[in-house]
């Protein structure tokens with residue numbers, strides 16, 4: 001695994017968490033769509049069981065999200081340890097903004113007052129400063 005691949009894992013976990021949060025919101029909306037109909041016949045349990053099934057799925061997703069958040073926090077801590085070993089402040093900032101704050105290259109360039117090309121060059125230099133042996137652990 002390259003330094004870039006290792007550092008990029010946090011973004012992918014963050015995307016997965018956001019996706020699951022959207023799924024929960026969708027399921028929550030679905031609960032409100034499950035409605036009972038008025039009739040003279042005795043009330044069935046299909047609406048209740050549908051809601052229970054949806055709630056169970058939501059709870060499973062929330063458990064997965066909590067596990068993913070734990071992984072993300074640990075990974076970000078490890079990434080921060082690696083970034084702290086880069087002694088150049090500019091390179092340090094590029095890595096933090098990209099791999100911990102998940103900013104786009106354009107946002108980083110604006111924040112730092114550099115051209116996009118300069119940010120790419122700084123990023124390439126920064127990746128070379130990441131101790132490769134530690135990224136493979």
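Quick look at the values:
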item: Condition met for residue 129 (farther than 30 Å from residue 27 by Cα, buried (at least 16 other Cβ atoms within 10 Å of the Cβ) and over 18 Å from the mean Cα position of the chain (by Cα)); result: yes
item: Test result for residue 83, under 16 Å from residue 5 (Cα atoms) and buried (at least 17 other Cβ atoms within 10 Å of the Cβ); result: yes
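Read-outs: derived from the displayed coordinates by stated rules, not from any lab. Computed from a predicted model, the values in this text were never measured in an experiment. Ideal geometry is used to build each Cβ from the backbone, glycine not excepted, and the neighbour counts take in all protein chains shown.
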